[in-house]
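What follows draws every value from the coordinates through simple rules; no lab data is involved. In this text, all values refer to a predicted model and were calculated from it rather than measured experimentally. Glycine also receives a Cβ, built like all others from the backbone with ideal geometry; neighbour counts cover every protein chain displayed.
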Amino acid sequence: MISQIFSLAFLAQTIRITVPYALASLGGVYSERGGVTNIALEGIILNGAFSATVGTYYTGNPLIGVLCGIAGGLLTALIHAVVSINIKADQIISGIAINLFAVGITKFVLEILFHSSSNSDRIPGLPHIKLGFIEQSPDIARLFGNPLVLFTILIIVASQFIIFKTRFGLRLRAVGENPEAADTVGISVTLYRYYGVLISGALAGLAGTWLAFDQHSFTDGMSAGRGYIALAAMIVGKWNPLGAAAACLLFGFAESLQIQLQGAGLPTQFIQMIPYVVTIIVLAGFIGKAVAPAADGVPYEKEK
Amino acid sequence: MPYAIELLNITKRFARTVANDDVTLKVLAGSIHALVGENGAGKTTLMETLYGLYQPDAGAIRIHEKEVTIKSPHDSIKLGIGMVHQHFMLVPPLTVLENIVLGAETTKNFFIDLKKTTAEISELAEKFSLNVPLTEKVENVGVGIQQRVEILKAIYRKADILVLDEPTAVLTPQETVQLFKILAELKEQGKTIVLITHKLNEVMAISDHVSVMRKGKIVGHLETPKTNPQEIAQLMVGRPVLLRVEKSEHKAGAPVLGVKELTYVDRRGVEALKSVSLDVASGEILGIAGVEGNGQSQLVECITGLIRPTSGSITINGVEIVGLNAREVFARGLAHVPEDRIKRGLVIDLSIKENLILSLQALPQFSSRLSMKRAEITSNAELLIQKYDVRPPDPNAITRGLSGGNQQKVIIARELSRNAEVIIASQPTRGVDIGGIEFIHRTLVTARDSGKAILLVSADLNEILSLSDRIAVMYSGRIVKIFPDNKVEESELGLYMTGSNQELIREAK
Amino acid sequence: MTAKKHLPRLVGITSVLEHPITQNFLIPLFAVVLSFAVGAIFIVMVGKNPFEVYSILFSQTLGSTYGIGQLLFKTTPLIFAGLSVALCFRAGLFNIGAEGQLQIGAFLTALVGMKTFGVPFYLEIPLLMLAGMVGGGLWGFIPGYLKAKTGAHEVINTIMLNFIATALVSYFVTNLYNVPATVHTPPISPAGRLPRFDAFVSGFQGSPVNFSIFVALIAALFVWYYVDRTRYGYELRVVGLNSKAAEYGGISVSKNIILSMTIGGAIAGLVGTNFVMGYKYYFEEGFSTGTGFMGIAVALLGNNNPFGVILAALLFGMLEYGGLVINTMVPKELVSILQAIVIIFVISSNKIFRKILTNFLKKRTLSIND
């Protein structure tokens, strides 16, 4: 039984579930490292998925679909950026409103374009890159041949360096920790916060794109709480790219396990709760300290 | 010698105050120039204007004899100006090195060039004897090191003009000595330094020139070797027209409030109160003079139950109150006018009548189990508003809309309505207009005449001198002197307040 | 006594902006009108006439007893959720957990109801309400306690607890207490049923509006009385507005955090009165589609005032039902878009107005100075 569960197919499934979590979670890291709380991840994923579907459907070209997915995410994040950074309104409420907006707008346009309130027509998936050395196991080959999987792995590793070793990352962190200090050395707080939120839009949009291609269509509400799980993973991962990705892998593993165990008569709901319970425990400080960037969620008011 | 900085006729207004009024300040290149004055004299605003954090409403700035406009720190950094703010502008979770290079990073293939940067900073550190652990996080190093990081930050940006705002406020005496060595070294290397301070012994020890500010204006430029602390203290506190407060002879009764060997070590391990002892008798006002940040706030918070002293005792009529919370201390017969009315004393989004019962809300007079007694709350407010002349005379007016003076009257009205035996009044007239000040002073004197024991903490010497029956001076967490009456020269008080009294200096040695 | 005497008087910018009329009416009204205007753009994009769509939206919801019945049925849970969020807001807390609290509460209502056959209605009805309040209250207590004791932010914790509640309830409903082949529980005792309006007025025939709306109105009255008229409410407001002043006044901040989250949760837990006791008579998995989240919008639009919450819940209830009546012309999701835009405008208007007014006043004072 054990070997049945932990098969290559199981691994493939875990990766498949983890990819969108990791992308969105990484997006959350960029946004919150810069000091903007991003509950809007959920809505960004949904809009990304929808834009990718529409783009692919009308051009027949999945690559254009990917670009559309990113653009959809960026546009959604832009609303959050304007409301949070320029208007300096409450970032949490802005995020909730955007999530609500995404549910509405995607279904609204879905009905107009596809005359269905639940799903779009079928779209093609992304072309695979041929990786000769793992052709023997098709599950794995299909998975790692997927350019988005490769990109995800790459961006996770790269982000660890971008955030902690580059000029951009240093400035982003400074703006999220102590915007006043950044301001006094001539760094534009507004600009860097925009960078953070927009990068999160692009990445979460890509997460949505993955969902659409994975399913070859858009269904209403298909983000299904993934934005919130991504947020939880970001916290559990202590706002670090690698940590967040590891948490996503844990959550993806749990979810994959839950799918495997379905029908086995076990209460899968308890496995489903793992990410949320872990997050609460981490936040309460029972497993090390999870300290958010000091200025996370606090608008920067320049005039004293 | 040419001037490094020329601030010409600078005026800067804020909503209700003029922070700098036609100020002209010239600093010679390669010198150390001290800028002194009491709290709120406008020193920091002037320097933050130079640094580009504020735009002056009028006036011109010349740097190295060239007229410039400084719109942001970006501009001032380019002009070679560096500033070490009183509250350090550091990012705690970043390393020392990251903090130093922030905003002026050298990169190599996208990455911050650690090797080159480390070498550069080490060389600078060596040159100016500014030893810092480059790879340690700033949150893990002490304030002395943090200050060096700030100085290195400026020098790394090639600053040749360095402004330091109250740099010794957070330092131990040993660290201060270290800092002065560094400043001397910097001067040696040709840097120009402006030092904002109110500690006159420091002025005498390190500066070449000194400019004195009072109430937004420059009141004197002096060459340090040709002056003395007495002269500077005189200029700082001014030759004030004492506000006249009608006051009868002081008839002190028995001691009511007693503080014995009170020590308080704060969360960062700094000893904010060092064995403070004093007592206040009924029918007297004990004034505590001192420059802010010398332990007065902590003393008041210990007495009022907001923080718990590390050791020592506080008694009201001989009953120990250490360990009680704020509500219990109030119940023991204490009233408290807190130093920051907006942060602590009021809920500015509530109405006047609601603020007049803050901390009294549970008394049977104002509420029963199931409801607030609204009629009583309103009539209480009407009574107090009339008695203390609060404007607008409307119990339902939201407190946010009141002037500073009227907000303060609301607090004083509430605190005196408790009928407590001990009144702690901290900065009772800060930000209050002249009319309001007079009223508040009269009220305090009336309370004293009716037998209250009043502890008055104020940074305003005028206030201390005109109200107090006895005066205690706090400096660096200690009571350094208690004068048995109020017949003392301001300049003498000034010397004690600034830690430059000869007696004290000798003691320290 | 005239009403005017009771209006707070203020000075300067704040006088206009912080004035209750601005805060309670002008800003929400502005937000609603603006969102309808933006909604019109969407309607035009579909090639329909916005005036026609909006007039149908209003006439079909408000024009018949049946329509009003449907509207009130949708309004009831929004009042509970809105009150829950509003009460916590007044204590300075952001309760995003109403969704989880109402699920646990409604489930407990159904669970107790199915186990207590034979209890007379005058005991059964209060008992079931209490069960809902205990469930919701517990689900509010947890994040309140964690915030007070460990400082963990209530926003993240309540979001997590929403998901945990959904999973937990799903477990019970699919494994332990379900009617086979369904995702709902067996029915509650008939004694626990709240009467429907259509039993008294035939015009309501077919709409499930029931007496739980009175429970909601009583809850609103309670919140108003508690917050504005008792000293516990006074202390809660002080903590919410200025925790430093609360400390100064000897008011326990952590006690008030726990208390307000618990009471807020208990109110959300009453949602079961509408669905379980007044409509289906059982608990069904997935019965709430984001009511808790909509409660945030309702509280914001109602300016966290219980009576404002009722009005805002009526508007949102109308929109929820209105979505169905306009569905033949434009997709019903138009109303979700409207709701989202209302929220964004409500949170932005304050800041935008402040900016405009500040600039205006600055210019005026400058010209006086010059």
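Need one number for the stretch B:255-508: average projected area of the convex hull over its C-alpha atoms, nm².
Mean projected area of the Cα convex hull: 13.9 nm².
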Violating pairs (Cα-Cα greater than 23 angstrom) within the set B:Lys387/B:Lys487; C:Lys149/C:Lys351; B:Lys115/B:Lys153; B:Lys387/B:Lys452: B:Lys387/B:Lys487; C:Lys149/C:Lys351
Dimensionless Rg/Rh of chain A - Kirkwood Rh, Rg from C-alpha atoms: 0.98
For the stretch B:130-232, average projected area of the Cα convex hull in nm²: 7.6
Residue exposure sequence - A:Met234, B:Met497 - by fewest surrounding Cβ within 10 Å: B:Met497, A:Met234
Mean projection area, nm², convex hull over Cα of the stretch B:71-155: 6.0
The protein assembly as shown - convex hull of the alpha-carbon atoms, volume per residue in Å³: 203
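Could you work out the mean count of beta carbons from other protein chains within 10 Å of each residue's beta carbon in C:246-259?
Other-chain Cβ atoms within 10 Å of each residue's Cβ, averaged: 5.
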Cα-Cα P(r), the stretch A:76-118, percent of pairs per 5 Å interval: 6, 23, 23, 15, 13, 11, 7, 2
Helical mean residue ellipticity (222 nm; -39500 (n - 2.57) per DSSP H run of 4+; nearest 500) of chain C: -22500 deg cm²/dmol
In degrees, nearest ten, helix C:154-171 long axis to first principal axis of chain C (Cα): 20
Where Rh is the Kirkwood radius over Cα pairs, Rg/Rh for the stretch B:374-466: 0.97
Of B:Lys43/B:Lys187; B:Lys78/B:Lys187; A:Lys238/C:Lys332, pairs whose Cα-Cα distance is over 29 Å: A:Lys238/C:Lys332
Acute angle (nearest 10 degrees) that the helix A:167-177 long axis makes with the longest principal axis of chain A, alpha-carbon atoms: 70
Value of [θ]222 nm, deg cm²/dmol, for chain A, DSSP H segments ≥ 4, -39500 (n - 2.57) each, nearest 500: -22500 deg cm²/dmol
Dmax and Rg, reported as Rg then Dmax, of the stretch A:1-128 (C-alpha, Å): 17.0, 56
The stretch C:136-241: chymotrypsin sites (Phe, Trp or Tyr not before Pro) falling in loop per DSSP and having at most 14 other Cβ within 10 Å: C:Phe200
Cα shape, the stretch B:179-284, gyration tensor, a/c 1.5 rule: oblate
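With each run of n ≥ 4 DSSP H residues scored as -39500 (n - 2.57), what mean residue ellipticity at 222 nm is computed for chain B after dividing by its residue count and rounding to the nearest 500 deg cm²/dmol?
-9500 deg cm²/dmol
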B:Gln386 versus B:Val143: modelled label distance in nm, points set 7 Å from Cα along the beta carbon direction: 5.0
Per principal axis, descending, Cα span of the stretch B:102-146 in whole Å: 34, 25, 16
Rg over Rh, two decimals, the stretch A:42-105 (C-alpha only, Kirkwood Rh): 1.07
All Cα pairs of chain B, percent lying beyond 29 Å: 57
Cα-based helix-to-principal-axis angle, B:143-156 vs chain B, degrees rounded to 10: 40
Per-peptide average of other Cβ atoms within 10 Å, ordering A:153-162, B:146-155, B:437-446, C:327-336 highest first: B:146-155, C:327-336, B:437-446, A:153-162
Using distinct alpha-carbon pairs, which all enter the 1/r mean, Kirkwood radius of the stretch B:25-138 in Å: 16.7
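In which sequence would B:Val27, B:Val163 go, from the one with the fewest C-beta neighbours within 10 Å to the one with the most?
B:Val27, B:Val163
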Given charges at Cβ of Lys, Arg, Asp, Glu: the protein assembly as shown dipole, positive-most of B:Ile232, B:Leu465, B:Thr17: B:Thr17
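Taking loop as defined by DSSP and a crowding limit of 10 other beta carbons within 10 Å, which trypsin sites (Lys or Arg not before Pro) in the stretch B:1-55 fit?
B:Arg16
Inverting the mean 1/r over all pairs of different Cα atoms, compute the Kirkwood radius of the stretch C:79-313 and quote it in Å.
That comes to 17.8 Å for the stretch C:79-313.
Set the bar at 26 Å for Cα to Cα. Now go through B:Lys217/B:Lys274; B:Lys26/B:Lys158; C:Lys147/C:Lys280 and name every pair that lies beyond it.
Beyond 26 Å between Cα atoms: B:Lys217/B:Lys274; C:Lys147/C:Lys280.
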